[in-house]
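**Student:** Can you keep this structure in mind? I'll have questions shortly.
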Amino acid sequence: MPTLDIARLGAPVNLGELFPNRKTVIDFGAGMGHHTEHLAALGYGVLAIDVHSPGICRIAELVTTQELPNVQVHLGDGIPILAEVLEPHCVDELHVMFPDPWPKARHNKRRVIQHSLLELANRVLTPVGTITMVTDDDDYAAHIDNVLAESSLFYRTTDNPEIPATRYKRRADHMRNSIHGFIAARR
Ligand SMILES: C[S@@+](CC[C@H](N)C(=O)[O-])C[C@H]1O[C@@H](n2cnc3c(N)ncnc32)[C@H](O)[C@@H]1O
């Protein structure tokens, strides 16, 4: 895995140069990597990031066994990658699929989707870059709506994201939860 972790490259990393002639996407909080797999099959250049090793190791194994040229990983916090490691404006899409909901009000500030994340997205996304966010938590969906409505950087488009059958998508379907999808673009 160390040979696939973008940490080996040192900053700054330009995703466009890492994946020439491909649309680039960050799967932020990739979990077990099912969304990354889906994006890779569509031909995107994907950077999968997660703090937990089982999913990142699973993705690294897939990359090795299937000789995928279009997936790289980072095991660790994605925030410094957006803030410091990536070159500005080198990412086409930032995807945050089923982020941890942190349902208790006193934990809401731990939610990954905040104004600070939009500022980092503003740093790394291309001028026409977009943020895709998906949740099956109604309260989190209202939170995302509020963050976007208040943002001076991004707004909610009328587009709906494609949602592959990740573990969390299947769980949401099983529990008959509504799935809320957002695609945000620059104002
Ligand atoms: C609920 S899981 C969803 C996984 C996956 N996106 C899916 O749809 O199956 C949320 C994931 O985000 C990861 N995560 C949360 N904050 C993170 C951060 N700052 N940097 C990297 N990963 C993060 C967690 O480790 C967890 O694997």
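**Student:** Quick check on the chain: helices-only [θ] at 222 nm, where DSSP H runs of length 4 and up contribute -39,500 (n - 2.57) each and the sum goes over total residues. Nearest 500, please.
**Tutor:** One gets -8500 deg cm²/dmol as the mean residue ellipticity at 222 nm.
**Student:** Please work out the Cα center distance from the range 113-185 to the range 71-104, rounded to the nearest Å.
**Tutor:** Taking the Cα centre of the range 71-104 as reference, the centre of the range 113-185 is 13 Å away.
**Student:** Modelled label-to-label distance, Thr65 and Arg123, 7 Å Cα→beta-carbon offset: nm?
**Tutor:** In this crude label model, Thr65 to Arg123 measures out at 3.6 nm.
**Student:** Step through the residues of the range 44-52 one at a time and calculate ³J(HN,Hα) from phi using the Karplus curve (6.51 cos²θ - 1.76 cosθ + 1.60, θ = phi - 60°), rounding each to whole Hz and writing x for Gly and Pro.
**Tutor:** Once rounded to whole Hz, the list reads 5, x, 10, 9, 9, 10, 7, 7, 9.
**Student:** Sticking with this structure for a sec: Amide H to amide H under 5 Å from Phe98: which residues, 5+ apart in sequence or cross-chain, H placed 1.01 Å off N in plane?
**Tutor:** Val134, Thr135
**Student:** Pull up all non-local amide H partners of Phe154: gap of 5 or more, or a different chain, and H-to-H distance under 5 Å with H placed in the peptide plane.
**Tutor:** Arg187
**Student:** Right, another one. Against the longest principal axis of the chain, how steep is helix 138-150, in degrees 0 to 90 to the nearest 10, with axes from Cα atoms?
**Tutor:** Compared with the principal axis, the helix lies near 80 degrees.
**Student:** Could you please rank Glu67, Glu93, placing first whichever residue has the fewest other Cβ atoms within 10 Å of its Cβ?
**Tutor:** Final ranking by Cβ density, sparse to dense: Glu67, Glu93.
**Student:** About the Cα centre of the range 94-187, how large is the charge dipole given +1 on each Lys and Arg Cβ and -1 on each Asp and Glu Cβ? Please answer in debye to the nearest 20.
**Tutor:** 300
**Student:** Is there a quick way to get the dipole size of the range 6-186? I mean about its Cα centre, with the Cβ of Lys and Arg at +1 and of Asp and Glu at -1; what is the value in debye to the nearest 20?
**Tutor:** Rounded to the nearest 20 debye, it is 320 debye.
**Student:** Sticking with this one: Angle check, please: helix 115-124 long axis (alpha carbons) against the longest principal axis of the chain (alpha carbons), in degrees 0 to 90, nearest 10.
**Tutor:** 30
**Student:** Restricting to the chain, compute how many DSSP beta bridges are antiparallel as a %, nearest 5.
**Tutor:** Within the chain, antiparallel bridges account for around 30 percent of the total.
**Student:** While we're looking at this one, here's another question. Counting pairs of Cα atoms in the chain, how many percent are more than 29 Å apart?
**Tutor:** Numbers: 2796 of 17391 pairs.
It works out to 16 percent of all Cα pairs.
**Student:** Out of Gln72, Leu82, Phe98, whose Cα points farthest toward the positive end of the dipole of the chain (charges: +1 Lys, Arg; -1 Asp, Glu; placed on Cβ)?
**Tutor:** Phe98
**Student:** Write down the Kirkwood hydrodynamic radius of the range 1-48, to one decimal in angstroms, obtained as one divided by the mean of 1/r over all alpha carbon pairs.
**Tutor:** Value: 11.4 Å, from the Cα pair sum.
Just so you know, all these numbers are worked out from the coordinates, no wet-lab data involved. Quick caveat: nothing in here was measured; it's all calculated off a predicted structure. Cβ sites come from the backbone with ideal geometry, for glycine too, and all protein chains shown count toward neighbours.
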